[in-house]
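Asks: After the structure tokens below, expect a handful of questions from me.
The values are calculated or read from the model by the stated rules, or taken from the named source; none is laboratory data. Note that the structure is a prediction, hence the values are computed from the model and not measured. Glycine also receives a Cβ, built like all others from the backbone with ideal geometry; neighbour counts cover every protein chain displayed.
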């Protein structure tokens, strides 16, 4: 794409009209991008600077050939633009929430949205932005959450000023202070106090409080989550609106059930910064998986009800369409889907591995959906009495992971490898009764897994342990069925042992990329770290991989405790 011709022909750039208020508000975001760390180091090229200047002036990409940008220039520009977009979206949340506040049902036809000819504030916001009402609803929800902090801060400030005024006045209104109206000492009993001068109510509590220390002279107590970390991340362009919406909605649902769950505000305050930190560098889909897992851990009772409802909604439909094609459609709960997904993923992963690693007489040009269709047919033939053992299912296992404490108590949730939806402990016990499904009880003893150099191929127990640590492909997060266990220090070249600390799960695509680009892999504290080559990151900053990156932390994990 090149829009260079307009400038070269002398066509003047058209700058959109911007109100003074908006110009004043946008300036800090743009200035932050222009003077960011890349600019400070002088690492951003002239082309990148011109892109930023084009955003400020309203010219956009005019005069810049995006196809001519180098890799570093393109990525740096895209990151800056994405950050500025998040900052502007963060500003939109405030105006969207204010539009909704002025369009409340109590205002009737006098509400802002109705006066503008719209049935709801979402429709009004969507008509202005050109987006969907669903996106507008997210903006309003996040704006409401952001306003919690500012509203609470204003209330606290007002309360402190009122308290300061009271303290300054000394409550010198006669009997309340233990003095007569003329300023002479009065009778303590008549003043409503005891001999010590303390003022108490009929219940014996300090009259300056409500019995819990929360009276007009007490410190203002935070009574609901304020989402301070989410607010700071959104305003700083570090957290998207989708991410903020996922985090705040989940925490509000948990807070609404605090009495049932026995949670305090400190529990919410510990989880919020951890989720904001995890959101960095993840797509909304990846973050939604972590949020869903963490909510199930924090509220296993509600999750059990959700799981039962999902089980009741499972179905498979089969029919022939008018073209004679057989149409198969399914919607399965986590327990029902686990063996289906594990078996199909194993066959798909094997086909992709063979395509890349083995010489084939006839090249395999099937798409992944076509491979899945063939895998389903192969499984059906096998079940109908096929004696062949060619199906690569010998190492395929459905693994259910749960903690020893949850297993003993019956509370909590368990995870199924390959899926993001947790299951309750009763479901995990039922699945473990199947001989083809292996439960991993965390914290218990297990089989000896380190085999040294006696064996080259990682065996089944070792693979299960690697799945427990890596969750799937440690580099991209692909399901376990798409992966193979690989030696970090090569077996043949480096004499690397077949041990867990020298093993990592990688899909064939990521394995090829890591070997081609010479990434470094390290295992530290049972976590996988990938260090990029200087051609990709000249600072060679290690990047966390595996389950520690793509999954929610487990209950009582060091990460949650530290938060």
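Asks: Every residue in segment 490-517 that is surrounded by 12 or more Cβ atoms within 10 Å (Cβ to Cβ) and in a loop (DSSP other than H, G, I, E, B), please.
Replies: Answer for segment 490-517, where residues must be surrounded by 12 or more Cβ atoms within 10 Å (Cβ to Cβ) and in a loop (DSSP other than H, G, I, E, B): 490, 491, 496, 497, 498, 499.
Asks: Which of the residues spanning segment 311-327 are under 30 Å from residue 426 (Cβ atoms), surrounded by 10 or more Cβ atoms within 10 Å (Cβ to Cβ) and over 29 Å from the mean Cα position of the chain (by Cα)?
Replies: Matches in segment 311-327: 316 only.
Asks: Condition first: surrounded by 12 or more Cβ atoms within 10 Å (Cβ to Cβ), touching a helix residue (DSSP H, G or I) at 6+ places or on another chain (Cβ under 9 Å), closer than 24 Å to residue 546 by Cβ and at pLDDT 70 or above. Can you find one or more residues in segment 425-433 that meet it?
Replies: Yes, the conditions are met somewhere in segment 425-433.
Asks: Related question: Looking only at segment 297-310, which residues are touching a helix residue (DSSP H, G or I) at 6+ places or on another chain (Cβ under 7 Å) and either closer than 14 Å to residue 275 by Cβ or in the same structural domain as residue 415 (by TED's automatic domain parsing) (or both)?
Replies: Once the filter is applied, which keeps residues that are touching a helix residue (DSSP H, G or I) at 6+ places or on another chain (Cβ under 7 Å) and either closer than 14 Å to residue 275 by Cβ or in the same structural domain as residue 415 (by TED's automatic domain parsing) (or both), segment 297-310 yields only 298.
Asks: In the list 270, 258, which residue meets the criterion of being surrounded by fewer than 18 Cβ atoms within 10 Å (Cβ to Cβ) and touching a residue at least 60 places away in the same chain (Cβ under 8 Å)?
Replies: Exactly one residue qualifies, and that residue is 270.
Asks: Quick one: how many residues across segment 96-140 are surrounded by 13 or more Cβ atoms within 10 Å (Cβ to Cβ), within 28 Å of the chain's Cα centre (by Cα) and not in a helix (DSSP H, G or I)?
Replies: Counting residues in segment 96-140 that are surrounded by 13 or more Cβ atoms within 10 Å (Cβ to Cβ), within 28 Å of the chain's Cα centre (by Cα) and not in a helix (DSSP H, G or I) gives 1.
A quick yes/no check of all residues on (1) within 24 Å of residue 478 (Cβ to Cβ); (2) at pLDDT 90 or above:
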site: 293; (1), (2): yes, no
site: 299; (1), (2): no, no
site: 316; (1), (2): no, yes
site: 334; (1), (2): yes, no
site: 347; (1), (2): yes, no
site: 366; (1), (2): yes, no
site: 373; (1), (2): yes, yes
site: 381; (1), (2): no, no
site: 385; (1), (2): no, no
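Asks: For residues in segment 56-86 being buried (at least 20 other Cβ atoms within 10 Å of the Cβ) and closer than 21 Å to residue 235 by Cβ, which is modelled with the highest pLDDT?
Replies: 86
Asks: I've got another one for you. Quick test for you: out of 147, 151, pick the one residue that is under 28 Å from residue 225 (Cα atoms), assigned to a helix (DSSP H, G or I), free of Cβ contacts under 8 Å to residues at least 40 places away in the same chain and under 29 Å from the mean Cα position of the chain (by Cα).
Replies: Sole residue among the options that is under 28 Å from residue 225 (Cα atoms), assigned to a helix (DSSP H, G or I), free of Cβ contacts under 8 Å to residues at least 40 places away in the same chain and under 29 Å from the mean Cα position of the chain (by Cα): 151.
Asks: Same structure, new question: Only one of 93, 77 is under 30 Å from residue 537 (Cα atoms) and part of a helix (DSSP H, G or I). Can you tell me which?
Replies: Of the residues listed, the single one that is under 30 Å from residue 537 (Cα atoms) and part of a helix (DSSP H, G or I) is 77.
Asks: List the pairs whose first member sits in segment 373-384 and is surrounded by fewer than 16 Cβ atoms within 10 Å (Cβ to Cβ), whose second member is assigned to a helix (DSSP H, G or I), and whose Cβ atoms are under 7 Å apart, counting only residues at least 6 apart or on separate chains?
Replies: Within 7 Å, the pairs are 376/344.
Asks: Filter the helices (runs of 4 or more DSSP H) completely within segment 243-358 down to those with at least 1 residues that are in contact with a strand residue (DSSP E or B) (Cβ under 6 Å, 6 or more places away or on another chain).
Replies: Where helices (runs of 4 or more DSSP H) fall fully within segment 243-358 and carry at least 1 residues being in contact with a strand residue (DSSP E or B) (Cβ under 6 Å, 6 or more places away or on another chain), they are 284-298, 300-312, 334-357.
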